[in-house]
1. With a point put 7 Å past each Cα toward its Cβ, work out how far Ser99 is from Asp68 in nm, to one decimal.
2. Per DSSP H run of at least 4 residues, take -39500 (n - 2.57); add these up for the chain, divide by its residues and hand me the 222 nm value, nearest 500 deg cm²/dmol.
3. Per residue, how large is the accessible surface of the chain? Use a 1.4 angstrom probe and give square angstrom.
4. Which FRET efficiency value, to the nearest 0.05, is calculated for Lys122 and Gln55 with the Förster distance at 45 angstrom and r the Cβ-Cβ distance?
5. State, in angstrom, two size descriptors of the range 103-197 derived from its alpha carbons: Rg to one decimal place and Dmax to the nearest whole number.
6. What's the ranking of 2-14, 53-65, 83-95 by average number of surrounding C-beta atoms within 10 Å, highest first?
7. Within the chain, what whole-number % of the accessible surface is contributed by carbon and sulfur, with the 1.4 Å probe and all protein chains included in the calculation?
8. Report Rg (one decimal) and Dmax (nearest whole number) for the chain, counting Cα atoms only, units Å.
Amino acid sequence: MGEISKLKEYAQENHVPIMKDEGIAFICETIRTQSIKRILEIGTAIGYSAISFAQASPDVTVTTIERDNHMYEEAIQNIASMHLEDRITVIHEDALNLSLTGTYDLIFIDAAKSQYIKFFEKYSPLLAEDGVIITDNLSFHGMVEDITLTHNRNTRQLVGKIKQYIEYLKTNSQFETVFYSLGDGISVTKRKKSSEK
Ligand code: SAH
Ligand code: MG
């Protein structure tokens, strides 16, 4: 079994919420077709998506942020065992407390769903002129489309937050967003050209 399949299996056994195959394939395709080089990821977990992006093209470098100690340690080990430590930097910090500089061709938001708007507001200024922001889990296991699938108040609140984020993207005057139902629901956001604002 390949290293990446082992990571996927580990994630499934340990309930680590890694991105679905369809979503990974979509982003890797975007990386190749749009010649994306600098990626910022919010929410590393065990490094599965960061490693997949780095493997999509040798020109890619990934900066990825993870606040959880255990996840951070696992990610560091996995990245080292794939010899990708030169191209993937893991920052051990809460993304909302960090002050990061730099410019990124792709910003991938895949951390706490209740904070999506905050992540977007904080990190969208780092997006390159023609860059894209991709957000994962906008369907949240189908619950965003069908609220009756939720079974407790916390989950309903999270679903509410995701809906607010979707509305925020739809009504944003600076950015335009396309929503895709593949994987667990992802969005692709780009800056509006000044003629479209
Ligand atoms: N992108 C990964 C999965 C990430 S799961 C993959 O597809 O392989 C979400 C991760 O985000 C969790 O590990 C969680 O600890 C982390 N996280 C949640 N909120 C965060 C925050 N505010 N700052 C940094 N990491 C955060
Ligand atoms: Mg996700």
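1. 2.9 nm
2. Details: 6 runs with 72 residues, N = 197.
Calculated at 222 nm, the ellipticity per residue is -11500 deg cm²/dmol.
3. Working: 10180 Å² over 197 residues.
On a per-residue basis, 52 Å².
4. Values: r = 28 Å, r/R0 = 0.62.
In this case the efficiency is close to 0.95.
5. Taking only Cα atoms of the range 103-197, I get Rg and Dmax of 13.6, 45 Å.
6. Values: 2-14: 12.8, 53-65: 19.3, 83-95: 16.2.
My ranking of the peptides, most packed first, is 53-65, 83-95, 2-14.
7. On the way: 4870 of 10180 Å².
Carbon with sulfur: 48 percent of the solvent-accessible area.
8. According to the Cα coordinates of the chain, Rg and Dmax are 16.2, 50 Å.
The values are calculated or read from the model by the stated rules, or taken from the named source; none is laboratory data. Note that the structure is a prediction, hence the values are computed from the model and not measured. With ideal geometry, Cβ positions are generated from the backbone for all residues, glycine too; neighbour counts draw on all protein chains shown. Only protein heavy atoms, including side chains, enter the accessible area calculation; ligands, DNA and RNA are left aside. Shrake-Rupley method; radii C 1.70, N 1.55, O 1.52, S 1.80 Å.
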